[in-house]
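K.L.:
Let me give you the structure first, and then I'll get to my questions.
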Amino acid sequence: MFDPFIAPSGTLLGLLQRGRGDGTLHALAAPRPEALAALNHCVLSDPRHDWQVENRSLYYARLYLDLDGGIEEIERHLCDADDHLDTDDSRTGLALAVLGHLASYGRDDALALLRRYAATGSNWAWALDELALRDDDAGLRSLAMPVLARFPENAEGRAELATTVRDAYEPRPWRLWADDPRPSVGARVRAASEQGSFDRWQRQMRPGGPGPGWGVQAVFDWAQAGLDRGSVLHVPAARCLSAVAGPEDRPMIVEAARSGFDGARCAALHYLAAEVRDPVVLDLIEAATLGASPTVAEAAVAAFERMCGEAAVERARRWAQRPDALGASAAGVLACRGGAQDAPLVLGALRDAVRGEGPDAPRLWTLVDGAGRLGIACAAPVLRHVYRETSSSHLRGRAAQALAATDPSFATGFAVECLWDCEETTREVAARHAETGDIRVAERLRRLAADPAEEAEVQSAVRSRIGPDAPAV
């Protein structure tokens, strides 16, 4: 999936794309056609860089309900001819997830559209998963024939059906269909389920990794063979070394970490760093980052990040101001495991990351957490900038958590809008910190407490504020 275009954070579209609480508040205050147009744009053009860690569907579904919005644009998008040309999940996944939440809120039009798309659409498996959580048995049984018709009655079709049944994210429809008395439904699904179980058993009986009798050199050869074919096996190879290596093998492993082939070198570095925590590895890591192999340099940095103990933290203090990947990693180690004396180094790295790489820099995640963990009060302006500008709702949630620990104005400022945020962890932070003197906060807490779609952790935080033993709101 290509990187989506994200509008400026000060616009309604930009706020909704980011999933910010202010997006909902601004949409409810904007002219309804304008708000619905921005909402439809977000749902039909997924704004997330990584849908596996960022939430939007419940956020957008709630806004559809608040705006009393129809689903005509979603229907047009799902039924477009492009649905059978562009079959990537990113084109329709968010829209289907939104429909699933709308169906759980009692929107019959959303439920009907999900059923129709499961019968005819290219991303039918996603729609079926949504229905598995929300539809009744009769509705799911009605889809058995349209779904099974996708798999021809030949060897290839039977194999594909067995794989689909075996890998189904939500097994409920397939279990219902397996009990269907019709041979064209129940018998086919049962046979596919049995074949999938047999395939899984066969894979388990054919392990491709290390076996009994392997030694250190065999593990190194396995790691190198994996690297040659494009598989990164550094970490599993390091675990294998911990099982087969003895004290007498240490010189061989150290030499491999210093000058071996790339696969062996990477495995040895990880073994010395994480499995035995050998102090000599720190010098080997530094040397590896200066070498000619990017693969080894990357593995060395990753090995350093896996290290525990004061020796690694002390070395991180020396490396934190280096202008390379090892310096960035060292700052991250201090953010995670450093003490109060490391706050200036963490703050400097945080500022440098924002200044040099922008509010979506990957290393910001650890540095933002570190600023909150260390309680760096003067980091609040940078954290507020990250909160406003990042397109990652997950990073924004981390910034909110850090602001709760560093910014005295958080409770009356960002915490209020966080109650409407797309991420449940961010709403949980807000529920614990938002100043209840704001009338919007009291009303929102009550609504979250009564919403059956809200996450349990959020509702627990809400109850701690509005329960019988909590202060009145």
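The values are calculated or read from the model by the stated rules, or taken from the named source; none is laboratory data. This structure is a prediction, so every number in the text was calculated from the model and none was measured. Note that each Cβ is placed from the backbone with ideal geometry, even for glycine, and that neighbours are counted across all protein chains shown. The protein model used for the area step is the full one, side chains on, heavy atoms only, and it has no ligands, DNA or RNA in it. Shrake-Rupley method; radii C 1.70, N 1.55, O 1.52, S 1.80 Å.
K.L.:
What number of residues within region 27-54 are surrounded by 21 or more Cβ atoms within 10 Å (Cβ to Cβ) and not hydrophobic (A, V, I, L, M, F, W, C)?
P.N.:
Looking only at that region, the number is 5.
K.L.:
Further, regarding this structure: Return yes or no: is Ala257 in a helix (DSSP H, G or I), closer than 21 Å to Arg318 by Cα and touching a Lys or Arg at 6+ places or on another chain (Cβ under 8 Å)? Break it down stepwise before answering.
P.N.:
Values: in a helix (DSSP H, G or I): yes; closer than 21 Å to Arg318 by Cα: no; touching a Lys or Arg at 6+ places or on another chain (Cβ under 8 Å): yes.
When the stated conditions are applied, Ala257 does not pass them.
K.L.:
Going by the structure shown, is Pro173 touching a helix residue (DSSP H, G or I) at 6+ places or on another chain (Cβ under 7 Å), open to solvent by 40 Å² or more (accessible area, probe 1.4 Å), assigned to a helix (DSSP H, G or I) and over 15 Å from Ala61 (Cβ atoms)?
P.N.:
no
K.L.:
Quick check on my filter: what residues within region 227-256 are out of contact with any His (no Cβ under 9 Å at 6 or more places or on another chain) and among the small types (Gly, Ala, Ser)?
P.N.:
The answer is Gly230, Ser231, Ser242, Ala243, Ala245, Gly246, Ala256.
K.L.:
While we're on this one: Out of Ala237, Ala302, Ala297, which single residue is at pLDDT 90 or above, buried (at least 23 other Cβ atoms within 10 Å of the Cβ) and either assigned to a loop (DSSP other than H, G, I, E, B) or of a type in the set (A, V, I, L, M) (or both)? Walk me through how you get there before you give the answer.
P.N.:
Working: Ala302 fails: buried (at least 23 other Cβ atoms within 10 Å of the Cβ); Ala297 fails: buried (at least 23 other Cβ atoms within 10 Å of the Cβ).
Just one listed residue meets the conditions, Ala237.
K.L.:
Quick one: what pairs do we get from region 135-146, first residue touching a residue at least 24 places away in the same chain (Cβ under 8 Å) and open to solvent by 70 Å² or more (accessible area, probe 1.4 Å), second assigned to a helix (DSSP H, G or I) and among the hydrophobic types (A, V, I, L, M, F, W, C), C-beta under 8 Å, 6+ apart or different chains?
P.N.:
As it stands, the answer is Arg141/Leu176; Arg141/Trp177; Met145/Val185, since those pairs meet every condition given.
Each row is one residue, and each column tells you yes or no for (1) under 20 Å from the mean Cα position of the chain (by Cα); (2) modelled with pLDDT of 95 or more; (3) aliphatic (A, V, I, L, M).
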| residue | (1), (2), (3) |
| --- | --- |
| Thr11 | no, yes, no |
| Leu28 | no, yes, yes |
| Ala37 | no, yes, yes |
| Gln52 | yes, no, no |
| Tyr60 | yes, yes, no |
| Asp66 | no, yes, no |
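K.L.:
When the residues of region 57-110 are filtered to those that are β-branched (Val, Ile, Thr) and either open to solvent by 60 Å² or more (accessible area, probe 1.4 Å) or touching a Ser or Thr at 6+ places or on another chain (Cβ under 6 Å) (or both), which remaining residue is nearest to Leu448 (Cα to Cα)?
P.N.:
Val98
K.L.:
Determine the pairs where a residue that is under 20 Å from Thr436 (Cα atoms) and free of Cβ contacts under 8 Å to residues at least 24 places away in the same chain, located within region 390-412, has a partner that is surrounded by fewer than 24 Cβ atoms within 10 Å (Cβ to Cβ) and among the hydrophobic types (A, V, I, L, M, F, W, C) with Cβ atoms under 8 Å apart, the partner being 6 or more residues away or on another chain.
P.N.:
Partner pairs satisfying both residue conditions: Phe410/Ala404.
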